[in-house]
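Contents: one structure, followed by commentary.
The numbers here are math on the coordinates, done by the rules we state, and not lab data. Bear in mind the structure is a predicted one, so any value in this text is a computation, not a measurement. We place every Cβ from the backbone using ideal geometry, glycine too, and count neighbours over all the protein chains shown.
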Amino acid sequence: MVYAASRMTEDELIEGCLVNDRRAQKELYDRYSRAMYTVAYRITNDFELANDVLQEAFLKVFRALGSFRREATLGAWIKTIVLRTALSKVRRQPNFEPLEEHAAEEAIDWGHRIDADYLERAIRELPEGYRMVFVLIEVEGYSHKEVADLMDISVGTSKSQLFYAKKRLRQALGKYMDR
């Protein structure tokens, strides 16, 4: 079956990919790759590693698409694969170190508007574990339990890393606000 490019529904995309329709595969990649690259980059903090994650994750997507149960949207399913692939790649990097556990959580009161570029830079400069937990919880909206499962850490470690990430961001952004 041949599908018209750029007009495929999610179901048509899936069915086309399952029969190895190259146009469907290209459209699926084109439709989701930019957002998934952003997710990969936020986790890895490295452009080349994020590209590797993206390519590896989409290979996994195409191989596993037959097992997609449609309990969530296709985008959410792909995002989970990208996140797990990124986390796995980061763990294999020689500088990944799990952090100690401290269960504490505190909301950040930013006070006033912060420059988005400065905030993005401050997040990228967080230590790896802090950054990954912060991005997964505060940017991507995962719960501590979900983050703990994804990263193979305890809920307490997730809470601790988020606490320390926010503390470091407050310090970094405090310098910005004092200008």
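Some notes on this structure:
- Filtered GluC sites (Glu not before Pro), region 21-99: DSSP coil and at most 16 other beta carbons within 10 Å: Glu71
- Here region 116-177 is assigned +1 on the Cβ of each Lys and Arg and -1 on the Cβ of each Asp and Glu. Its dipole about the Cα centre then comes out at about 420 debye.
- With both labels modelled 7 Å from their Cα along Cα-to-Cβ, the Val139 to Lys26 distance reads 3.0 nm.
- Length-normalised contact order for region 116-177 - Cα pairs under 8 Å, 6+ apart - percent: 37
- Dimensionless Rg/Rh of region 10-92 - Kirkwood Rh, Rg from C-alpha atoms: 0.97
- Taking trypsin sites (Lys or Arg not before Pro) across region 1-82, the ones in a DSSP loop with at most 13 further Cβ atoms lying within 10 angstrom of their Cβ are Arg7, Arg69, Arg70.
- With the Kirkwood sum run over all distinct C-alpha pairs, region 116-177 has a hydrodynamic radius of 11.6 Å.
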